[in-house]
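For reference, the structure discussed in these notes is given below.
The values are calculated or read from the model by the stated rules, or taken from the named source; none is laboratory data. Just so it is clear, the model here is predicted, and its values are computed rather than measured. As a convention, Cβ positions derive from the backbone with ideal geometry for all residues, glycine included, and neighbour counts pool all protein chains shown. Remember, those area values only see protein heavy atoms, side chains included, never the ligands or the DNA or RNA. Shrake-Rupley method; radii C 1.70, N 1.55, O 1.52, S 1.80 Å.
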Amino acid sequence: MIPGTFSAHLENRIAAMQSEGIVNREHVLQSAQGSQILLSSGKRAINLCANNYLGLANHPDAIRAGKEALEKWGAGVASVRFICGTQEIHKQLESRLAAFLGKDDALLYSSCFDANGGLFEALLGEEDAVISDARNHASSVDGLRLCKAKNLRYANGDLKDLEKCLEEAKSARFRLISTDGIFSVDGIVAPLKGVCELAEKYDALVMVDDSHGAGILGPNGRGTPELCGVADRVDILTGTLGKALGGASGGYIAGNKQIVEWLRRRSRPYLYSNAVAPVIAAISLAAVEIAAKSVELRARLHANAALFRNGLKSAGFDVSSSEQHPIVTLRIENDTVAKSMADRLLEEGVYVMAFSHPVVPKGQARIRTQMSAIHQREELETALLAFQKAGRELGLIP
Ligand SMILES: *Cc1c(COP(=O)(O)O)cnc(C)c1O
């Protein structure tokens, strides 16, 4: 091949994306994560788009735990878990997570993306079927691609369609229903009660990726299954340590003893990738401790969400998100308007995310915000004023 041909090919594709208005601009932060952040422009902004729901990404207890772990355990193990890569801190975090989530055991991955990548293929084969929600996270979609089981997809949150798929999968040896706990564009809660009832009727296992729910939903913060009253009926939980439960990185699978034991022997990203860095394990352990007892942080988080949601609604915005989750999303529809809105808000010192095609279907653009327990009331009130100002200028509200 002529050198440069391939690069030119990629450049053309990037240019085509840009001309379609698909711009993936990364803001470089000059500060730690927080209720406000410092951008590389030197500008401070109120940050409304991190998954830092409980504010643990820069929490003093977590940082202290991380520093101590660095001294004690070093940078890492230079090994995968089963060779010589398991330290006590890994086992501690696994049992703490399992206890918090109400499961027998848990295993750690470098990310939830890896956890979902290593789950399905290890557990199921050609004779089996996975029935998955059509809006599941990319990591579950990719995980299923690696799995030989038949994959049936049901329309997002649609129990009738799920039942149809379960009928169709009746002859399979095992059936597994796979759904995200929360669909994150609009913070919509999956209908887990109905999912679990159908699972019982059709003798299926249930797997929930609760990346956006664990730590913040349900009376004890155990997540979406607890919120929906089906914590005992969900067989497999996957999730991230990069959102409410810490904010560094890492993921997990939790389930009964046999499932976890089997995955330790057969899940490829677990077997063939280095163990989570001990610093991160320690930070996550501190975060899970805080999340487990932190009724107050959760109360503040949900109060902030209610304040912000009600503020936007009473200003006349079209709020599309549910009332149960601290994701607060505005329906904007027009892609260009959504982008202009995000740009205007940033000028006003408020950092939000515009979702447009291809992240959401054409004509369904959104502005998504995410609340945190560490947002101060004044910060949210300032942000609401900025929303009103920008919204009026763009004709979104009267
Ligand atoms: C964020 C997210 C992931 C990815 O988590 P990582 O640990 O960052 O890989 C997976 N699934 C869902 C539903 C998520 O929201």
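Over all pairs of different C-alpha atoms in the chain, the reciprocal of the mean inverse distance, the Kirkwood hydrodynamic radius, equals 22.2 Å. Ranked by the mean number of other Cβ atoms within 10 Å of their residues, highest first, the peptides 147-160, 44-57 fall in the order 44-57, 147-160. Computed on the chain, with alpha-carbon pairs under 8 angstrom and 6+ residues apart, the relative contact order is 21 percent.
Checking the cross-link pairs Lys91/Lys193; Lys243/Lys362; Lys150/Lys201; Lys170/Lys193; Lys103/Lys170; Lys339/Lys389 against a 25 Å limit on the alpha carbon distance flags Lys91/Lys193; Lys243/Lys362; Lys103/Lys170 as lying beyond it. For the set Met207, Met353, solvent exposure ranked by accessible area (probe 1.4 Å, protein chains only) runs largest to smallest as Met353, Met207.
Packing around the peptides 209-219, 165-175, taken as the average count of other Cβ atoms within 10 Å per residue, puts them in this order, highest first: 209-219, 165-175. Here the peptides 73-85, 4-16 are ranked by packing, the mean other Cβ count within 10 Å, and the order with the highest first is 73-85, 4-16. Pro225 sits among other residues whose Cβ lies under 9 Å from its own Cβ, and their net charge, with Lys and Arg +1 and Asp and Glu -1, is -1. At each listed q (0.21 Å⁻¹), what is the log10 of I(q)/I(0) that the Debye formula gives for the stretch 37-114 modelled as equal alpha-carbon point scatterers? Values returned for q = 0.21 Å⁻¹ are -1.18. Distant-in-sequence amide contacts of Ile177, defined by a placed amide H-H separation under 5 Å and a gap of 5 or more residues or a different chain, comprise Ile131, Leu205, Val206, Met207. Cα-based values for the stretch 217-336, radius of gyration first and Dmax second, are 18.1, 55 Å. For the stretch 187-243, the square roots a ≥ b ≥ c of the C-alpha gyration tensor eigenvalues yield an a/c of 1.5 or more together with a/b exceeding b/c, which makes the shape prolate. Counting only alpha carbon atoms, the long axis of helix 159-168 and the longest principal axis of the chain meet at about 30°. Provide the percentage of antiparallel DSSP beta bridges, counting only those with both residues in the chain; round to the nearest 5. Percentage antiparallel, nearest 5: 55. Each Lys or Arg adds one and each Asp or Glu subtracts one; over the other residues with Cβ under 9 Å from the Cβ of Asp180, this totals -2. Magnitude of the charge dipole for the stretch 62-157, about its Cα centre and with charges confined to Cβ atoms of Lys, Arg (+1) and Asp, Glu (-1), is about 280 debye.
Under the convention that each Lys and Arg Cβ holds +1 and each Asp and Glu Cβ holds -1, the size of the dipole of the stretch 133-237 around its Cα centre is about 360 debye.
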